[in-house]
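Here's the structure we're looking at; comments come further down.
The values are calculated or read from the model by the stated rules, or taken from the named source; none is laboratory data. For clarity, every value in this text was computed on a predicted model and none was experimentally measured. Positions of Cβ are backbone-derived with ideal geometry, glycine not excepted, and every protein chain shown enters the neighbour counts. With ligands, DNA and RNA removed, areas are computed over all heavy atoms of the protein, side chains included. Shrake-Rupley method; radii C 1.70, N 1.55, O 1.52, S 1.80 Å.
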Amino acid sequence: MRRAVCPGSFDPVTNGHVDVINRAASLYDELVVAVLVNPGKAGLFSVEERMELLRDAVAHLPNVTVDSFQGLLVDYCRAHDIPVIVKGLRAVSDFEYELQMAQMNRELAGIETLFVPTAPQVGHLSSSLVKQIATFGGDVSSLVPKAVHARLLAHREQTARGDTA
C-alpha cells in the first residue's frame, strides 16, 4: 500500500490546500492530512476545529484521513509507517525552504518528499492572507471551502461582539 502524509498548520484550510490534497490523494492509496500542533503558537482556530474543517473539505476523498501531530514530522512518519511527505509549493521561495527540509528529513529518517506545485488559480493563496482579508471584512468565499468561510464569518462576528470564547 502506498502511503503519504500531507502536513501543515491549515489555519485555516484554503482551496490551495484542497487542491494539493486532491492531487496527492490520486497518487497514493492512503493519504494522511496531518495538522501540526504547535503549543507555542496561538492559531485562529483550535487544532480540533482545523481537523473538523479539513474532514469536511476532504469528505469526498475516501482514501484521505485527518490526524494531528506534535514534534518532528519524521517521528510521526516512522510511528505510522509513512514513507513519503507531500508538500505543496506556491513559489520559488517555498521551494528553497522546503528543499532544505526535504533533504534533512531524508537524512534523518529516509523519508522522501514529493513536491506538488499548486494550480495557477490557487497559487497565490496562503492561510495568513486569508485570515488577514477575513479579519478586515474582505470576501474570502472564493478562497476557502464553504465550511471554512462560514466559520471565518462566525469568528469575525464573535470578535466584533468582544466574545473571545
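Number of residues in region 105-163 that are touching a Pro at 6+ places or on another chain (Cβ under 8 Å) and touching a residue at least 40 places away in the same chain (Cβ under 8 Å): the value is 8.
Restricting attention to region 47-62, which residues are touching a strand residue (DSSP E or B) at 6+ places or on another chain (Cβ under 8 Å) and open to solvent by 60 Å² or more (accessible area, probe 1.4 Å)?
Looking only at region 47-62, we keep the residues that are touching a strand residue (DSSP E or B) at 6+ places or on another chain (Cβ under 8 Å), and these are 47, 50-51, 54-55, 58, 61.
Once the filter is applied, which keeps residues that are touching a strand residue (DSSP E or B) at 6+ places or on another chain (Cβ under 8 Å) and open to solvent by 60 Å² or more (accessible area, probe 1.4 Å), region 47-62 yields only R55.
Among the criteria (1) assigned to a strand (DSSP E or B); (2) open to solvent by less than 20 Å² (accessible area, probe 1.4 Å); (3) over 14 Å from V18 (Cβ atoms), the one V116 does not fulfil is (3).
In this entry, L125 passes the filter for residues that are assigned to a loop (DSSP other than H, G, I, E, B), of a type in the set (A, V, I, L, M) and within 16 Å of I21 (Cβ to Cβ).
Among residues of region 119-149 being open to solvent by less than 40 Å² (accessible area, probe 1.4 Å) and among the hydroxyl-bearing types (S, T, Y), the one that is nearest to S9 (Cα to Cα) is S127.
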